[in-house]
Amino acid sequence: MEIDVIFKIAAVGIIVAVLNQILSRSGRDEYTMITTIAGLIIALMMILPYVSTLFSYIRSVFDL
Amino acid sequence: MILKIAGACLIAVLGFMLLKKDRADFAFVLEVCTTAGLLLFILPYMENLIDLFLQVSDTVKINFDFSEILVKVCGIALVARLVCELCKDAGEQALAVKFELAAKVLILINAVPVFKALYGILSAFVENLL
């Protein structure tokens with residue numbers, strides 16, 4: 001269930017890394033920061049439901 | 001079952017290795033996702049254990065019913081360990097220590113009834129002695 005999310009996030013990370021390499025090689029260094037932030041936001045959006053379900057589950061199990 | 005978890009962890013560590021060098025932020029996001037997925041996988045079984053524990057503690061009805069407090073403290077400790085270790089892995093030692101302190105304070109706050117009961121017993125005991 002969480003295996004594919006791991007793959008997706010790893011893929012996003014690698015893509016951003018490669019993209020940054022390409023951008024830095026081609027001289028447009030200012031875009032690397034933008035792509036990094038964009039990739040990070042995508043990854044965070046992907047794991048948000050997991051973390052929220054985890055915390056709500058812990059809350060229900062331990063009735064915190 | 002355990003093999004599934006082991007496989008997932010190994011794959012996740014492989015992902016960390018790939019991302020750790022130049023994209024440390026993604027490695028952390030991946031780590032959070034892996035720990036969350038692993039805990040989500042384990043929690044149903046933990047829930048069964050807790051229900052069993054609550055049933056057993058209901059039958060053995062001693063006069064102080066602290067099983068709810070115990071379960072709540074376990075939950076706080078679980079979350080505290082989770083976040084503290086994540087902070088440590090990310091290299092934020094100071095934040096991890098402060099968070100650990102906050103968790104300890106919250107646990108003690110929850111355990112106040114236990115201390116009250118203990119104090120009541122001790123004071124009664126001392127009065128009987130004198």
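The values are calculated or read from the model by the stated rules, or taken from the named source; none is laboratory data. Just so we're clear, the structure is a prediction, and the values are computed from it rather than from any experiment. Methodologically, a virtual Cβ is constructed for each residue, glycine included, from the backbone with ideal geometry; neighbour enumeration extends over all protein chains shown.
Within the set A:Ile22, A:Ile14, the sole residue that is among the aliphatic types (A, V, I, L, M), facing another protein chain (nearest Cβ under 8 Å) and surrounded by fewer than 19 Cβ atoms within 10 Å (Cβ to Cβ) turns out to be A:Ile14.
The residues in the stretch B:10-28 that are hydrophobic (A, V, I, L, M, F, W, C), at the interface with chain A (Cβ under 7 Å from one of its Cβ atoms) and out of contact with any Gly (no Cβ under 8 Å at 6 or more places or on another chain) can be counted, and the count is 2. Of B:Glu100, B:Glu47, B:Glu85, all but one fail to be more than 30 Å from A:Asp4 (Cα to Cα), of a type in the set (D, E, K, R), out of contact with any Gly (no Cβ under 9 Å at 6 or more places or on another chain) and at pLDDT 90 or above; the exception is B:Glu100. Within the stretch A:1-20, residues that are without any contact (Cβ under 8 Å) to a residue 24 or more places away in the chain reach partners that are of a type in the set (Lys, Arg) and surrounded by fewer than 18 Cβ atoms within 10 Å (Cβ to Cβ) with beta carbons closer than 9 Å, at six or more positions or on different chains, in the pairs A:Ile3/B:Lys4; A:Ala17/B:Lys21. Considering only residues in the stretch B:91-110 that are in contact (Cβ under 8 Å) with a residue 12 or more places away in the chain and within 14 Å of chain A (Cβ to nearest Cβ), the one that is surrounded by the most Cβ atoms within 10 Å (Cβ to Cβ) turns out to be B:Ala103. When the residues of the stretch B:49-67 are filtered to those that are under 18 Å from B:Phe115 (Cβ atoms) and in contact with a helix residue (DSSP H, G or I) (Cβ under 8 Å, 6 or more places away or on another chain), the one that is surrounded by the fewest Cβ atoms within 10 Å (Cβ to Cβ) is B:Asp65. Among the residues making up the stretch B:68-84, those that are small (Gly, Ala, Ser) and either free of Cβ contacts under 8 Å to residues at least 12 places away in the same chain or buried (at least 17 other Cβ atoms within 10 Å of the Cβ) (or both) are B:Gly75, B:Ala80.
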